[in-house]
Structures are given as C-alpha cells and as structure tokens.
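Student: My questions all concern the structure below.
The values are calculated or read from the model by the stated rules, or taken from the named source; none is laboratory data. Keep in mind that what you see is a predicted model, and the values were worked out from it rather than measured. Please note: Cβ atoms are built from the backbone with ideal geometry, for glycine as well, and neighbour counts cover all protein chains shown. Ligands, DNA and RNA are stripped out before the accessible areas are found, and what is left, the full protein with its side chains, is counted by its heavy atoms. Shrake-Rupley method; radii C 1.70, N 1.55, O 1.52, S 1.80 Å.
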Amino acid sequence: MRTTFETYKPRNIVPSEVIQKNEWSIKLYTITQKDRFSSRSILVNVIEKLPDWLKVVERSNLPIYKKAFLIVHEAREGVWILLNWWTGGEMIQTQIYFTDYKTPEIIRESPYNTSSLLCVWELEVFAHERRSWINNILKKANRPDFQSYLDDMKIEERPPL
C-alpha cells in the first residue's frame, strides 16, 4: 500500500439507478478518476453477483431492511466494489470487493482483509446516504418513507474543510 499523499482532486461521482434483486432495492453509484466511468463489463459482472452476495447478507443476526447502496469505484489500482446495507435501525454494514484491470472478470473480497477500508470519495456517498436515511427513515420512524429514501440519489459534493 502506498504511503505517500497526493493532492486532492474531486472525482466524478454519479448516481445511476436503483437495482431490484432478491426483493432488495440497491442504489447504484459509480466513482471514477476519469472523465466518465468506463468499466461497464465489470459493472455488469458486479450486478450479476449481487444475488449471491445478498444471500450471504441475509444470514445476518441483525435486522435488515433489504435497502442498500452499491459503490463501484474505478481507482488507480483497480475497481473497488462496496456493498453497503442498512441494519439495526441506524447502522451500515459494508462488504468490500475488488477487481484489478488485468483480470476484470475475477472479483474477490478486499485484498486487505478488511470490511472497513473507505476512501475520501466513497465517504462522500456515505455522507449523502447518512443524510437521506436520517431525513427519510429516522425522522419518520413511525412511518419510514423508503420510497423517498430510494429516490434520493443526488450527490452534492461539499468542499473539503
């Protein structure tokens, strides 16, 4: 892993669609350091794998709501895939996968043996999802508005502090 810093530059974060799989609703976001996301074949492969990944999620001892968000991030070293689902009322659980550009057909769990490795650009999506969950679900705890949560995908990047 690299130990030097690089100057921060915004990346292209694009909310895409809500995918329906196995009774789950998954909000899809792509992130790229390029002008536009170009790893379409990897994205197709990721979406094909979602049903199997979601079956594993459903084995959780924690409550699940079948609401999730998926980040597919073209980074320097390859494509990071973060499957994030809401659990326990106000918590997010994350499973991280990775594929490199040399073997894009092979998606594996994070090579760093961690489910909590997030970068500053992915955190932008997490910040949006946090606000949306609070506004549409937690502030309306008696009647959560899951549809408004799913419809809320507009990322407004906030400038770094």
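Student: What accessible area, in Å² to the nearest ten, does a 1.4 Å probe give for Arg130?
Tutor: Here the residue's solvent-accessible area equals roughly 140 Å².
Student: Here is a further query. Under 15 Å from the Cβ of Leu138, count the other residues' Cβ atoms, weight Lys and Arg +1, Asp and Glu -1, and hand me the total.
Tutor: So the surrounding residues net to +2.
Student: Turning to a different aspect of this structure: Hey, got a sec? Which chymotrypsin sites (Phe, Trp or Tyr not before Pro) in region 90-161 land in a DSSP loop and have at most 16 other Cβ atoms within 10 Å?
Tutor: Tyr101, Tyr112
Student: Give or take rounding to whole Å, what are the principal axis extents of the alpha carbon atoms in region 14-91, in descending order?
Tutor: Answer, in whole Å and largest first: 39, 24, 22 Å.
Student: Then there's this: Modelled label-to-label distance, Lys9 and Lys154, 7 Å Cα→beta-carbon offset: nm?
Tutor: Using points 7 Å along Cα→Cβ, the separation is 2.8 nm.
Student: Where does the chain land at 222 nm, in deg cm²/dmol rounded to the nearest 500, when only DSSP H runs of n ≥ 4 count, each adding -39500 (n - 2.57), divided by all residues?
Tutor: Working: 3 runs with 41 residues, N = 161.
After summing the helix terms and dividing by residue count, I get -8000 deg cm²/dmol.
Student: Can you give me the solvent accessible area of Leu118 with a 1.4 Å probe, rounded to the nearest 10 Å²?
Tutor: Around 60 Å² of this residue is reachable by solvent.
Student: Kindly sort Lys67, Lys102 by accessible area of their heavy atoms, largest first, with the probe set to 1.4 Å. Show your work: numbers first, answer last.
Tutor: Values: Lys67 30, Lys102 185 Å².
Sorted by accessible area, descending: Lys102, Lys67.
Student: Sticking with this structure for a sec: On the principal axes of its Cα set, how long, how wide and how thick is region 45-139? Give whole Å, largest value first.
Tutor: The Cα atoms of region 45-139 stretch 45, 29, 22 Å along the principal axes, largest first.
Student: Hey, any idea what % of the chain's accessible area is carbon plus sulfur with a 1.4 Å probe?
Tutor: 51
Student: Excluding Glu48 itself, what net charge comes from residues whose Cβ is under 14 Å from its Cβ, given Lys and Arg +1 and Asp and Glu -1?
Tutor: So the surrounding residues net to +2.
Student: Using only Cα atoms, tell me the angle between helix 120-136 and the longest principal axis of the chain; keep it within 0 to 90° and round to the nearest 10.
Tutor: Tilt of helix 120-136: around 10 degrees.
Student: May I ask for the Kirkwood hydrodynamic radius of the chain, worked out over all distinct Cα pairs and given in angstroms to one decimal?
Tutor: When all Cα pairs of the chain are included, the Kirkwood radius is 16.4 Å.
Student: Another question about this same structure. By how many degrees, between 0 and 90 and to the nearest 10, does the Cα long axis of helix 40-57 differ from the longest principal axis of the chain?
Tutor: 40
Student: Just want to confirm a number: the relative contact order over the chain, from Cα pairs under 8 angstrom separated by 6+ residues, in percent.
Tutor: Reported relative contact order: 18 percent.
Student: For a distance above 14 Å, tell me the whole-number percent of Cα pairs in region 90-161 that qualify. Before the final figure, lay out the partial values.
Tutor: On the way: 1787 of 2556 pairs.
Considering region 90-161, 70 percent of its Cα-Cα pairs are separated by more than 14 Å.
Student: If you put +1 on each Lys and Arg Cβ and -1 on each Asp and Glu Cβ, how big is the dipole of the chain around its Cα centre, in Debye rounded to 20?
Tutor: Around 160 debye, computed over the chain.
Student: If you take every DSSP beta bridge fully contained in the chain, what fraction is antiparallel? Give it as a percent rounded to 5. If you can, show how the numbers build up before the last one.
Tutor: Details: 28 of 36 bridges.
The answer is about 80 percent antiparallel.
Student: Report the gain in length on full extension from Val56 to Ser38: 0.36 nm times residue separation, minus Cα-Cα distance, nm rounded to one decimal.
Tutor: 3.6 nm
Student: Moving on to the next point. Out of the chymotrypsin sites (Phe, Trp or Tyr not before Pro) in region 1-59, which ones are loop residues according to DSSP with at most 16 other C-beta atoms within 10 Å?
Tutor: Passing sites in region 1-59 are Phe5, Tyr8.
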